[in-house]
1. In nm, what is the difference between 0.36 nm times the number of residues separating LEU82 and VAL104 and their Cα-Cα distance?
2. Under a Cβ-Cβ cut-off of 11 Å, what is the net charge of the residues other than GLN41 that fall near it, where Lys and Arg count +1 and Asp and Glu count -1?
3. Along Cα→Cβ, 7 Å out, is where each label goes; now give me the distance between the ones at ALA46 and SER23 in nm to one decimal.
4. Mean residue ellipticity at 222 nm from the helices of the chain, using -39,500 (n - 2.57) per DSSP H segment of n ≥ 4 over the full residue count, to the nearest 500 deg cm²/dmol?
5. Read phi for every residue in the stretch 26-40 and hand back ³J(HN,Hα) as whole Hz from Karplus 6.51 cos²θ - 1.76 cosθ + 1.60, θ = phi - 60°, with x for Gly and Pro.
6. Using a 1.4 Å probe on the protein heavy atoms, what percent of the accessible area of the stretch 22-103 belongs to carbon and sulfur?
7. Take the Cα of ARG58, step 7 Å along the line toward its Cβ, and report every residue of the stretch 86-124 whose backbone nitrogen sits under 15 Å from that point.
8. Using the Cα centre as the reference, give the magnitude of the dipole from point charges on the C-beta atoms of the chain (Lys, Arg: +1; Asp, Glu: -1; all else neutral), rounded to the nearest 20 debye.
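The values are calculated or read from the model by the stated rules, or taken from the named source; none is laboratory data. Only a predicted model underlies this, so the values are computations on that prediction, with no experimental measurement involved. Glycine gets a Cβ as well: all are built from the backbone with ideal geometry, and neighbour counts include every protein chain shown. Areas reflect the complete protein model, heavy atoms only, side chains present, ligands, DNA and RNA absent. Shrake-Rupley method; radii C 1.70, N 1.55, O 1.52, S 1.80 Å.
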Amino acid sequence: MLLIDVRNWVVAALPADYLAMFSWVESSRPEDAASRYCIVQQTGGAGPVVETRYPRFRVVLLGKRNERSDAQKIMEDIEALLQAAMGDAVPCGAASIRAITEPVGPGFTTENRAWAQVDFEIII
């Protein structure tokens, strides 16, 4: 499945301190406050052209709760994803991957989690 392949590609490009998921809802559990999250979502894409598909994916990185200082790390890690997209490694079965936006962020959730986002398009 392409979504899982993209998630695995993103996880390989990030430091190991992120929990990767497909959706996220803030939890009141104390152990979740100290976690960083990476959310990968499929967002559609252009229609197929002669059997070539162009799916798009949103990647959102979230810092630790009440750690506004995570903003710098989040932006550095988003930049690492951009650099990975310019490299040779692509998700399984893809011809290429490219960032279709510049990073958005840092922003902050109501729980004071730093966040940043970047969108990718894959050619398969």
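1. Numbers: separation 22, 0.36 × 22 = 7.92 nm, distance 1.23 nm.
Additional length available on full extension: 6.7 nm.
2. Numbers: positive: ARG7, ARG56, ARG58; negative: ASP119.
Net charge around GLN41: +2.
3. That separation, rounded to one decimal, is 3.0 nm.
4. Values: 3 runs with 31 residues, N = 124.
The helix-only estimate for the chain comes to -7500 deg cm²/dmol at 222 nm.
5. Running phi through 6.51 cos²θ - 1.76 cosθ + 1.60 with θ = phi - 60° gives 4, 10, 8, 5, x, 5, 6, 4, 8, 9, 9, 10, 10, 10, 10 Hz.
6. Roughly 49 percent, rounded to a whole number.
7. 100-105, 107-109, 115-121
8. 200 debye
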